[in-house]
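Q: One structure, pasted below without further comment.
The values are calculated or read from the model by the stated rules, or taken from the named source; none is laboratory data. All values derive from a computational prediction rather than experimental measurement. Every residue, glycine as well, gets a Cβ built from its backbone with ideal geometry; the counts of neighbours run over all protein chains shown. Quick note on the areas: whole protein, heavy atoms, side chains included, nothing else; ligands and nucleic acids left out. Shrake-Rupley method; radii C 1.70, N 1.55, O 1.52, S 1.80 Å.
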Amino acid sequence: MVTLSDNLARAKRHLKRFADTPLGHFINGETVPAAETFENRTPVDNSLLGHVARGTPADVDHATAAARDAFAPWRDTPATKRKGILHRMADLIEQRAEEIALVESMDTGQPIRYMSKAAARGAANFRFFADRASEAGDGLALPADHHVNYTLRQPIGPVGVITPWNTPFMLATWKIAPALAAGCTVVHKPAEFSPLTATLLVEIAAEAGLPPGVLNLVNGLGEEAGRALTEHPAIRAIAFVGESITGSRIMAQGASTLKRVHFELGGKNPVIVFDDADLERALDAVVFMIYSLNGERCTSSSRLLVQKSIHDAFVANLVRRVEKIRIGHPLDPATEVGPLIHPVHRSKVMGYMDVAREEGATIAVGGSVADALGPNYVKPTLFTNARNTMRIAQEEIFGPVLTVIPFDDEAEAVALANDVAYGLAGYVWTGDVGRSHRMARDLEAGMVWINSDNVRHLPSPFGGMKASGIGRDGGDYSFDFYMETKNVCVALGSHRIPKLGVT
Ligand code: NAD
């Protein structure tokens with residue numbers, strides 16, 4: 001059995017290079033050394049992992065020029081060849097799975113039990129879109145009386161991909177794989193709090209034979225490198241995953257160049273448990289969907305709406321489970337909750353403990369930092385006696401913190417669920433088939449899971465309503481974003497063309 005000390009020894013080997021040499025950019029197939037750098041620290045104990053290039057507008061311009069030059073050749077590369085390269089990337093991701101998992105865990109604080117699947121998920125993203133590369137350009141035939149209309153889909157051009165820190169490798173592949181399969185070239189700007197695995201991905205791309213300039217990486221800060229990317233006139237579209245407020249900023253920054261945007265933003269997702277549900281399975285899902293991935297998960301079920309008739313018993317069981325969640329070092333295979341990403345984020349999450357007290361909610365479990373483990377380990381926390389109007393029920397906390405709110409009946413459950421700014425996901429637990437479909441219809445959420453936790457299905461649309469986003473990923477939805485639909489209208493030669501200038 002693998003132990004924490006095994007993992008620590010292996011992680012040390014994989015992390016050494018980042019301590020030895022500052023992480024640069026990767027532009028046009030080459031590493032570009034850092035002119036200026038920023039520090040990258042592990043959330044485990046805030047110790048230094050290394051220094052990372054602090055990209056400037058000039059670096060973004062350099063990367064964008066490479067992506068622009070590489071675009072036409074990549075677009076015109078036969079789809080079967082693109083497919084082969086992307087499958088080779090998936091192979092190499094799988095070969096480096098252990099390294100990706102250990103580096104990601106140390107960079108993000110996410111427990112290894114989840115990060116051990118990061119590579120498999122990333123590889124699956126590449127295989128899924130690789131297999132669809134040949135059909136990405138397919139269109140419709142739309143015959144009319146005197147014309148045949150048909151549509152073509154063509155890659156939009158160089159695109160910018162901006163990703164957050166919570167599960168960086170998986171999210172980067174989720175965005176980059178369809179862009180490359182569609183025939184776009186990419187400039188990627190990863191999050192400054194967890195930049196390491198983005199470099200592993202560009203190394204893998206180069207080794208797999210992806211031509212120089214097709215996938216470029218610029219490290220740096222959001223307000224600097226990120227902003228420059230969103231403002232660059234040669235970048236045709238921005239695929240962004242992150243906070244809602246950043247999405248608004250990016251929309252404003254991209255306005256003057258009429259940037260197409262795709263936003264996967266925050267959530268305050270309800271899990272709604274009715275008294276006729278399978279309560280044992282519901283409890284498992286409630287606990288998993290908020291306390292896995294440190295609660296730093298856009299689809300986390302951070303509001304539990306529970307029917308009053310079962311409220312007390314359900315919450316009593318919940319308390320027992322949350323008290324037993326194992327918090328610890330992210331590389332310990334037994335750990336269920338690890339440290340939060342950064343002291344800044346820890347302070348934000350801990351601020352909500354004060355908010356809960358001020359608002360009159362009860363901190364039934366947790367509410368403090370597990371200091372013995374390190375500065376960023378926030379104990380799994382449960383707020384009870386809450387109302388939906390409280391800030392702890394309205395705002396995205398993005399930590400291992402669940403707010404419980406009771407409801408009377410279906411109508412109240414829908415009203416409470418929808419009374420937030422966000423609309424990403426909803427989870428419904430009921431034994432009544434009719435009610436499950438009514439709830440699915442009435443919830444303001446881009447995705448609804450019935451009697452289930454969040455289970456990935458790559459062809460299905462992924463995305464949110466309201467402040468949770470614009471657009472959908474997954475299957476053909478991803479290609480629609482990275483491609484332009486063109487209509488071609490061909491006359492059959494039988495229609496009358498108006499004649500001007502004839503007497
Ligand atoms: P963030 O918005 O702070 O940062 C995300 C990225 O945007 C980073 O790379 C950052 O450098 C960059 N950025 C920041 N300001 C920018 C600017 N002005 N211009 C261009 N780029 C800029 O988000 P975060 O704190 O890294 O991630 C957590 C958030 O991500 C949460 O709100 C979470 O819900 C959301 N998220 C959503 C999904 C989804 O699919 N809906 C998935 C994962 C995370």
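Q: Over 21 Å between Cα atoms, which of K379/K466; K259/K348; K268/K348; K308/K466; K83/K175 qualify?
A: Numbers: K379/K466 31 Å; K259/K348 32 Å; K268/K348 16 Å; K308/K466 28 Å; K83/K175 16 Å.
Going by Cα-Cα distance, K379/K466; K259/K348; K308/K466 fall outside the 21 Å limit.
Q: Given the protein chains as shown and a 1.4 Å probe, how many square angstrom of R121 are accessible, to the nearest 10?
A: In the full protein context, R121 sits at about 100 Å².
Q: Can you list residues from other chains, or at least 5 along the same chain, whose modelled amide H is less than 5 Å from the amide H of H147?
A: L492
Q: Okay, next question. May I ask you to derive the FRET efficiency for N385 and T503 from their Cβ-Cβ distance with R0 = 60 Å, giving the value to the nearest 0.05? Intermediate values should be presented prior to the final figure.
A: Values: r = 88 Å, r/R0 = 1.46.
Efficiency computed from Cβ-Cβ geometry: 0.10.
Q: Where both partners of a DSSP beta bridge lie in the chain, what percent of those bridges are antiparallel, to the nearest 5?
A: On the way: 30 of 67 bridges.
Antiparallel bridges: around 45 percent, rounded to the nearest 5.
Q: Give me the extension gain from T3 to E358: residue separation times 0.36 nm, minus the current Cα-Cα distance, reported in nm with one decimal. List each step's numbers first, then the result.
A: Numbers: separation 355, 0.36 × 355 = 127.80 nm, distance 4.20 nm.
Residue separation times 0.36 nm, minus the Cα-Cα distance, leaves 123.6 nm.
Q: Could you calculate the contour length gain from S134 to A372, that is, 0.36 nm times the residue separation minus the distance between their Cα atoms, to one decimal place in nm? Walk me through the numbers before you get to the answer.
A: On the way: separation 238, 0.36 × 238 = 85.68 nm, distance 5.41 nm.
Here the answer is 80.3 nm.
Q: Let me know the whole percent of all Cα-Cα pairs from the chain that are separated by more than 39 Å. Can you show the working numbers first?
A: Numbers: 34256 of 126253 pairs.
When all Cα pairs of the chain are counted, 27 percent exceed 39 Å.
Q: How large is the accessible surface of H51 in square angstrom, using a 1.4 angstrom probe and rounding to the nearest 10?
A: The accessible area of H51 comes to roughly 70 Å².
Q: Same structure, new question: Using R₀ = 45 Å, calculate the FRET efficiency as 1/(1 + (r/R₀)^6) where r is the Cβ-Cβ separation of K117 and S256; round to 0.05. Show your work: numbers first, answer last.
A: Numbers: r = 41 Å, r/R0 = 0.91.
Once rounded, the FRET efficiency stands at 0.65.
Q: Right, here's the next one. Could you give log10 I(q)/I(0) at q = 0.26 Å⁻¹ for the stretch 1-87, computed by the Debye formula over C-alpha point scatterers of equal weight, without solvent?
A: Debye intensities relative to I(0), on a log10 scale: -1.20.
Q: Roughly to the nearest percent, how much of the accessible area of the chain is carbon and sulfur, given a 1.4 Å probe? Could the numbers behind the result be given before it?
A: On the way: 10940 of 20200 Å².
Ligands and nucleic acids excluded, carbon and sulfur give 54 percent.
Q: Taking every pair of Cα atoms in the stretch 270-450, average 1/r, invert it to obtain the Kirkwood radius, and report Rg/Rh to two decimals.
A: Values: Rg = 15.7 Å, Rh = 16.4 Å.
Rounded to two decimals, Rg over Rh is 0.96.
Q: With the other protein chains left in place, how much accessible area per residue, in square angstrom, belongs to the stretch 270-450 at a 1.4 angstrom probe?
A: Values: 6660 Å² over 181 residues.
I get 37 Å² per residue for this part.
Q: Considering amide H positions built from the backbone, and no H for Pro or chain starts, which residues 5 or more places from L215, or on another chain, come under 5 Å of its amide H?
A: V186
Q: Taking the alpha carbon gyration tensor of the stretch 369-503, what are the square roots of 5 times its eigenvalues, largest first, to the nearest whole Å?
A: Numbers: eigenvalues 455, 90, 49 Å².
Over the Cα atoms of the stretch 369-503, the semi-axes work out to 48, 21, 16 Å.
Q: Related question: List the pair-distance distribution P(r) of the stretch 122-274, using every Cα-Cα distance, as the percent of pairs falling in each 5 Å bin from 0 up to the bin containing the longest distance, rounded to whole percents.
A: Final binned percentages: 2, 9, 17, 20, 18, 13, 9, 6, 4, 2, 1, 0.
Q: As a test, work out the antiparallel percent of DSSP beta bridges whose residues both lie in the stretch 270-450, rounded to the nearest 5.
A: Working: 4 of 24 bridges.
In the stretch 270-450, DSSP labels about 15 percent of beta bridges as antiparallel.
Q: Along Cα→Cβ, 7 Å out, is where each label goes; now give me the distance between the ones at K348 and E280 in nm to one decimal.
A: 3.9
Q: Would you list which aspartates and glutamates come within 18 Å of K324, measuring only between C-alpha atoms, while excluding same-chain residues fewer than 8 positions from it?
A: Answer for K324, where 18 Å is the Cα cut-off: E280, D284, D332, E336, D371, listed by chain and number.
Q: Which FRET efficiency value, to the nearest 0.05, is calculated for V319 and A491 with the Förster distance at 60 angstrom and r the Cβ-Cβ distance? Provide the component values of the computation, followed by the final result.
A: Details: r = 72 Å, r/R0 = 1.20.
Efficiency for this residue pair is about 0.25.
Q: Right, next: For I245 and H437, calculate 0.36 nm times their separation in residues minus their Cα-Cα distance, and state this gained length in nm to one decimal.
A: Values: separation 192, 0.36 × 192 = 69.12 nm, distance 3.22 nm.
Computed gain between I245 and H437 is 65.9 nm.
Q: Just to confirm the filter: which chymotrypsin sites (Phe, Trp or Tyr not before Pro) across the stretch 118-210 are DSSP coil and have at most 16 other Cβ within 10 angstrom of their Cβ? Don't skip to the end; give the middle numbers.
A: Details: sites: F126, F128, F129, Y150, W165, F169, W174, F193; in loops: W165, F193.
Filter output for the stretch 118-210: empty list.
Q: Then there's this: Given points 7 Å out from each Cα along the Cα-Cβ axis, report the Q95 to R456 separation in nanometres with one decimal.
A: Reported label-point gap for Q95 and R456 is 2.2 nm.
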